[in-house]
1. Among the residues of region 74-102 satisfying the criterion of being assigned to a loop (DSSP other than H, G, I, E, B) and either in contact (Cβ under 8 Å) with a residue 60 or more places away in the chain or of a type in the set (S, T, N, Q) (or both), which is farthest from G144 (Cα to Cα)?
2. Filter region 2-60 for residues that are polar (S, T, N, Q) and outside any helix (DSSP H, G or I); which is surrounded by the fewest Cβ atoms within 10 Å (Cβ to Cβ)?
3. Got at least one residue in region 64-71 being surrounded by 11 or more Cβ atoms within 10 Å (Cβ to Cβ), without any contact (Cβ under 8 Å) to a residue 24 or more places away in the chain and part of a helix (DSSP H, G or I)?
4. Within region 62-84, does at least one residue satisfy the condition of being at pLDDT 80 or above, among the aromatic types (F, W, Y) and closer than 30 Å to S141 by Cα?
5. With the requirement that a residue be within 16 Å of the chain's Cα centre (by Cα) and of a type in the set (F, W, Y), what does region 39-83 give you?
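The values are calculated or read from the model by the stated rules, or taken from the named source; none is laboratory data. Computed from a predicted model, the values in this text were never measured in an experiment. For neighbour counting, all protein chains shown are included, and Cβ atoms are generated from backbone atoms with ideal geometry for every residue, glycine included.
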Amino acid sequence: MRMKQLGISLGGLMVGAVIFIVLAMLGMKLGPSYLEFASIKKAVVAIAQEKAGASVNDVRKAFDARASQVLDLAREWNQLTQLPMIFALWAARPGALTPEDVQEITRAAQYGLGIRTGVDLGKVVDIGQWICGVIGKEPASKAGKAIAAKKAR
């Protein structure tokens, strides 16, 4: 007794994959061009409605003003969340970085983000060491150890 095949054959799967890949590549090539054309057309129509009867130079200036708008993601994120935008992630396996490395990365991140908190890190480290002394534990913060070692010099 012969059973009917259910499902798709390997040849059918390969043909479907090729068709999908060709359509995806076509979409990736044409999509950005179409979106750019649509945004330019929208700007031109808006300018034509705003400046009916304007000279070519006025229309050109209005288009340049619309086309040169820049969206600053960091500023938009900060206004939306009141938090700094993180553009990078530093990662290392445990024990790979010295406390000085951690302190330098923290300093670089704060400088790059423009963080000006007004918090005295030296005092924060002193308080952390005092708390650790009271509870009888060794400070675990690598950045704290690095700052304390730098202050001790």
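1. Q82
2. Q5
3. yes
4. Yes, region 62-84 contains a residue that is at pLDDT 80 or above, among the aromatic types (F, W, Y) and closer than 30 Å to S141 by Cα.
5. W77
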